[in-house]
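Take a look at the structure below.
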Amino acid sequence: MGTMTYNVISDCPVHLETNSIEGVRRMLKSMPLVSLVVPIYNTAPYIEQCLESLVNQTYPNLEIICINDGSTDNSFDVLMQYDSDLRVQLYDQTNRGCSFSRNRGLNLADGEYIMFVDSDDWLDLDAIRLMVEHAERERADAVMGTYVREYEGRSLPKHIFNANFLSYDEEETKRYVHRRLFGLMGEELARPETVDALNSNCITLYHRDLIKHLSFDSTYGSFADLYYQIRALENCKRFIYIDYPVYHYRKTNVTSMTSTYQTNLIASRIEFFHILMRYIEERNLGEDYNRALYNRIALSMIGIGLNEIWSQKSLLNQAETLKQVLRQKEFRQAYSQIDMKYFDLKWRTFFQLCKREQTISLVLMLRSVDYLRKRV
């Protein structure tokens with residue numbers, strides 16, 4: 001009789017013949033196939049670490065779909081080192097962008113579950129096994145883990161919910177997850193830095209039935225991930241959260257961080273806020289969604305303010321730009337309704353400056369924040 005092992009999904013004992021290809025095939029057939037979609041563009045120095053984390057997953061039944069999006073470095077040469085692994089599928093195309101590459105990967109995917117991975121990041125080796133176990137046990141449409149921000153010389157874990165494990169039905173998912181994608185409410189405001197914590201598609205394992213009708217839309221720019229997540233989780237019947245760092249985000253070395261000023265950031269954000277307003281209205285999502293969105297608008301001054309101080313404008317001109325933003329009706333309404341009692345002193349000070357349009361003091365505070373975030 002062969003050696004005894006355990007099926008990682010059901011923990012039921014199965015018998016496998018040692019070194020038996022047929023035994024391995026039977027084992028894999030009992031496991032749901034997971035498709036990992038990996039767009040690649042000019043990330044040659046990082047691809048090996050990414051793919052090593054995928055081919056060495058403790059969950060074996062994978063297909064790893066790599067889309068080389070017209071890289072001009074030697075990314076494809078690095079990819080070819082994995083061509084002998086039958087789980088790895090390599091595709092080469094002219095540069096079409098991340099959204100197009102993810103959509104192509106989705107169309108190629110045969111897995112019951114699908115996950116997206118960026119080629120300069122990497123997965124925890126137990127990530128897929130743990131997420132599939134929870135998905136199968138709970139019959140979940142989506143399983144979300146936490147992540148670690150990886151700087152040069154240090155790692156910063158990011159916890160999303162104040163719980164080790166959550167299992168939400170459809171109504172609870174709408175109230176505590178889908179609504180939160182639009183913005184924070186109540187005690188959630190105590191951690192305004194987590195407003196975008198759920199946005200990423202890379203920390204979520206999706207059942208294919210949840211997303212098979214969806215596609216990424218590059219016209220939403222930097223909000224493409226958030227809009228996709230909103231559409232995916234809108235119809236989620238069972239959502240699972242595990243407080244386990246499944247994903248590792250590679251971040252720029254904080255001591256040499258270079259920040260690029262985005263000239264169209266303010267206009268693009270306001271345009272996207274209007275898209276979300278229409279989304280709420282068309283689907284009659286209710287007042288909580290509207291309140292959450294206006295809280296997101298208020299909190300967006302963190303990113304808008306930091307972007308403004310990265311410009312080459314004088315302090316006075318930066319302050320004037322921020323004052324013009326705060327005088328727009330969306331921001332005035334946002335600050336008229338936001339409940340500041342949940343903020344600690346530093347955040348209460350920041351948002352009070354925004355509400356009162358005291359933008360010279362606001363710029364000075366933002367410059368201090370930017371200085372500290374590069375050194376702490």
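The values are calculated or read from the model by the stated rules, or taken from the named source; none is laboratory data. Remember, predicted model here, so these are calculated numbers, not experimental data. In this analysis, Cβ positions are derived from the backbone assuming ideal geometry, glycine residues included, and neighbour counts consider all displayed protein chains. Just so you know, the surface numbers come from the protein's heavy atoms only, side chains and all, with ligands and any DNA or RNA stripped out. Shrake-Rupley method; radii C 1.70, N 1.55, O 1.52, S 1.80 Å.
Here are some notes:
- Here segment 136-231 is treated with +1 on each Lys and Arg Cβ and -1 on each Asp and Glu Cβ, and its dipole about the Cα centre works out to around 60 debye.
- Estimated [θ] at 222 nm from DSSP helical runs (n ≥ 4, -39500 (n - 2.57)) normalised by residues in the chain, nearest 500: -12500 deg cm²/dmol
- Gyration tensor verdict on segment 271-310 (Cα atoms; rounded if a/c is under 1.5, prolate if a/b is larger than b/c, oblate otherwise): oblate
- Cross-link partners for LYS355 among the lysines, with Cα-Cα distance under 18 Å and sequence neighbours closer than 8 places in the same chain left out: LYS323, LYS329, LYS341, LYS346.
- Between segment 138-162 and segment 340-358, the alpha-carbon center distance in angstrom: 28 Å
- Ranking ALA140, PHE272, TYR151 by Cα position along the charge dipole of the chain, where only Lys, Arg, Asp and Glu carry charges on their C-beta atoms, puts PHE272 farthest toward the positive end.
- Once the GluC sites (Glu not before Pro) in DSSP loops with at most 14 neighbouring Cβ atoms within 10 Å are cut out of the chain, the longest remaining piece is 153-376.
- As a fraction of the 1.4 Å probe accessible area of segment 183-306, surface on carbon and sulfur atoms comes out at 45 percent.
- In the chain, the DSSP beta bridges split such that about 45 percent are antiparallel, to the nearest 5.
- Its relative contact order, with pairs defined as Cα atoms under 8 Å and 6+ residues apart, puts the chain at 16 percent.
- Under conditions of 25 °C and 0.890 mPa s, the chain yields 109 µm² s⁻¹ as its translational diffusion coefficient, taking Rh as the Kirkwood radius over Cα pairs in the Stokes-Einstein equation.
- Crossing angle, helix 44-55 versus the chain [Cα axis fit, 0-90 degrees, rounded to tens]: 50 degrees
- Each of LEU125 and SER314 was given a label point 7 Å from its Cα along the Cα-to-Cβ line. The distance between the two points is 5.9 nm.
- Restricting segment 303-376 to trypsin sites (Lys or Arg not before Pro) that sit in a DSSP loop and have at most 11 other Cβ atoms within 10 Å of their own Cβ leaves ARG327, ARG375.
- Gaussian network model of the chain, springs between alpha carbon atoms under 10 Å - residue of SER53, SER215, SER268 with greatest fluctuation: SER268
- Straight-line cross-link reach from LYS174 at under 23 Å between alpha-carbon atoms covers these lysines, not counting any fewer than eight positions away in the same chain: LYS158, LYS212, LYS237.
- Restricting the calculation to Cα atoms, segment 246-376 yields a radius of gyration followed by a Dmax of 15.9, 46 Å.
- Summing Cβ point charges (Lys, Arg +1; Asp, Glu -1) relative to the Cα centre of the chain gives a dipole of roughly 1640 debye.
- Aspartates and glutamates with Cα under 17 Å of LYS313, excluding same-chain neighbours fewer than 8 positions away: ASP370
- For segment 129-185: rounded, prolate or oblate by the Cα gyration tensor [a/c cutoff 1.5]: oblate
- Prolate/oblate/rounded label for segment 306-376 (Cα gyration tensor, a/c 1.5): oblate
- Rounded to the nearest 20, the Cβ-based charge dipole of segment 205-337 about its Cα centre (Lys and Arg +1, Asp and Glu -1) stands at 100 debye.
- Unit Cα scatterers, Debye sum, segment 119-246: log10 I(q)/I(0) for q = 0.10, 0.22 Å⁻¹: -0.31, -1.54
- With the charge dipole of the chain set up from +1 on Lys and Arg Cβ and -1 on Asp and Glu Cβ about the Cα centre, the Cα lying farthest toward the positive end among the listed residues ILE338, ILE203, ALA292 is that of ILE338.
- The label-point distance for LYS158 and THR72, in a model that sets each label 7 Å from Cα toward Cβ, rounds to 2.9 nm.
- Rounded to the nearest 5, the antiparallel percentage of DSSP beta bridges internal to segment 133-264 is 60%.
- Against the rule of thumb 2.2 N^0.38 Å, how large the Cα Rg of segment 167-236 comes out: 1.13
- Residue of ASP288, ASP83, ASP124 that the Gaussian network model of the chain assigns the largest fluctuation, springs spanning Cα pairs under 10 Å: ASP83
- Residue-count net charge about GLY111 - beta-carbon cut-off 12 Å; Lys, Arg +1, Asp, Glu -1: -1
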